[in-house]
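Novice: Below is the structure I would like to discuss, written out as C-alpha cells.
The values are calculated or read from the model by the stated rules, or taken from the named source; none is laboratory data. In this text, all values refer to a predicted model and were calculated from it rather than measured experimentally. Here Cβ is always computed from backbone atoms with ideal geometry, including for glycine, and neighbour counts include all displayed protein chains. Accessible surface is based on the protein model in full, side chains and every heavy atom, while ligands, DNA and RNA are left aside. Shrake-Rupley method; radii C 1.70, N 1.55, O 1.52, S 1.80 Å.
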Amino acid sequence: MKKVNPKIVKYIETEILPKYGEVGGHTSEHILQVIERSLRFYEQAPELNIDMVYVIAAYHDLGRLVDNETHNIESAKMLRADKFLADYFSEDEINTMAEAVEDHRASLGHEPRSIYGKLVSSADRNASVEVILSRVYDYTKYLHPEMTEDEVIEDARIHLREKYSPDGYAAKTMYFKDPNFNDMLKETEKITRDFETFKRIMKKHNEKRKK
C-alpha cells in the first residue's frame, strides 16, 4: 500500500490531532481510529489519493470545537481555510476533501457526493461494541450533565437503537465491506432491546473502565 506523505503526517500529528483534546466526547483516540479504518478501506479502492483519504479522516470532527450540531460544516470550513493544505493539494482536491467531510455524518439523510465521502463515513462507524458503549455514555453525559444515571443510560440505549439497529441509519449507510462492523451490529441490537439488560451491561462496562 502507498504511504501517506510524511510531511502531511507530521503536520496533522503536531498541529491538528492535539486540538481534539479540547473536544468533549470525541478525542484524538477516535480520530486515530477513523484514520486507521480509512487507510484500511483505502485498500478496497486503491485508485484514490491516499493523502486525501488521510486528511479527510483527520479533519472530519474538528468542527466540534465550534458547534456539535453543525460540526461537519464547520470541519469543512477549517479544512478549506488551512493554508498548509494548499501547498499539497489542488483547489479541486481541497473541494473534494471538504465535501467528503461535510458528508461524513451517518444521519445526514443523503448519500455522500463522492467515494471519499463514502469512505470516511464508513470509517467513522465503530466496529467495537466496547468503544460504542464508551462513546455514547461519555458523550451523553457531556451533552446532558443534568441527567440522572438512569436517564443517561436510557438516552444512550435509544440513540444506539436508532443508529445501529438493522433499520438504523448507520447500518443502512455502510459503503465498504467490514465483517467486524456487521458483527457489532448484531451484538448491539441484542443488548439494546430492553432498558434493564442494557443498564446492567453499561454499568458493568463502566466499572471495568474504572479499573
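Novice: Past the 31 Å Cα-Cα mark, which pairs from Lys77/Lys141; Lys77/Lys199; Lys10/Lys210; Lys141/Lys190; Lys172/Lys199; Lys83/Lys141? Present the calculation step by step, with values, prior to reporting the outcome.
Specialist: Working: Lys77/Lys141 28 Å; Lys77/Lys199 39 Å; Lys10/Lys210 33 Å; Lys141/Lys190 23 Å; Lys172/Lys199 26 Å; Lys83/Lys141 36 Å.
With Cα atoms farther than 31 Å apart: Lys77/Lys199; Lys10/Lys210; Lys83/Lys141.
Novice: Spin-label point model (7 Å from Cα, Cβ direction): what's the Tyr169 to Ser107 distance in nm?
Specialist: 0.6 nm
Novice: What number, rounded to the nearest 500 deg cm²/dmol, is the helix-based mean residue ellipticity at 222 nm of the chain, given -39500 (n - 2.57) per DSSP H run of at least four residues and division by all its residues?
Specialist: Details: 12 runs with 131 residues, N = 211.
That comes out to -19000 deg cm²/dmol.
Novice: Taking all protein chains together and a probe of 1.4 Å, list Ser165, Ser75 from the most accessible to the least accessible.
Specialist: Working: Ser165 20, Ser75 0 Å².
My answer, sorted largest first, is Ser165, Ser75.
Novice: What's the magnitude of the charge dipole for the chain around its Cα centre, counting Lys and Arg as +1 and Asp and Glu as -1 at the beta-carbon? Answer in Debye, nearest 20.
Specialist: Values: 33 positive and 39 negative charges, 160 e Å.
Computed about the Cα centre, the dipole is about 760 debye.
Novice: Using Cα pairs under 8 angstrom and six or more residues apart, how large is the relative contact order of the stretch 115-211, in percent? Intermediate results must be reported in sequence, preceding the final value.
Specialist: Numbers: 81 pairs, mean separation 33.3, N = 97.
RCO, the stretch 115-211: 34 percent.
Novice: Also, quick follow-up: For labels at Leu32 and Glu93 in the simple 7 Å Cα→Cβ model, what's the distance in nm?
Specialist: Rounded to a tenth, the inter-label distance reads 2.6 nm.
Novice: Another question, if that's okay. Taking all protein chains together and a probe of 1.4 Å, list Tyr175, Tyr142, Tyr116 from the most accessible to the least accessible.
Specialist: Numbers: Tyr175 70, Tyr142 120, Tyr116 30 Å².
The most accessible residue leads, giving Tyr142, Tyr175, Tyr116.
Novice: Give the carbon-plus-sulfur fraction of the accessible surface of the chain in %, rounded to a whole number; probe 1.4 Å, heavy atoms of protein chains only. List each step's numbers first, then the result.
Specialist: Details: 5390 of 10980 Å².
C and S fraction of accessible area: 49 percent.
Novice: Could you do me a favour and compute the accessible area per residue for the stretch 79-128, 1.4 Å probe, result in Å²?
Specialist: Working: 2220 Å² over 50 residues.
Spelled out: the 1.4 Å probe surface of the stretch 79-128, per residue, equals 44 Å².
Novice: Given an 8 Å cut-off on Cα distances and at least 6 residues of separation, report the relative contact order of the chain as a percent. Could you put the intermediate results ahead of the total?
Specialist: Numbers: 258 pairs, mean separation 34.4, N = 211.
The normalised contact order for the chain reaches 16 percent.
Novice: Sticking with this structure for a sec: Let me check against my output: what whole-number percent is the relative contact order of the stretch 85-166, with C-alpha pairs under 8 Å and at least 6 apart? Walk me through the numbers before you get to the answer.
Specialist: Working: 47 pairs, mean separation 14.5, N = 82.
Here the relative contact order equals 18 percent.
Novice: Kindly report the accessible area of the stretch 29-72 per residue (heavy atoms of protein chains, probe 1.4 Å, no ligands, DNA or RNA), in Å².
Specialist: Details: 1590 Å² over 44 residues.
Per-residue accessible area for the stretch 29-72 comes out at 36 Å².
Novice: What nm value, rounded to one decimal, do you get for the distance between Glu13 and Ser128 when each label is placed 7 Å out toward the C-beta?
Specialist: The modelled label-to-label distance comes out at 2.0 nm.
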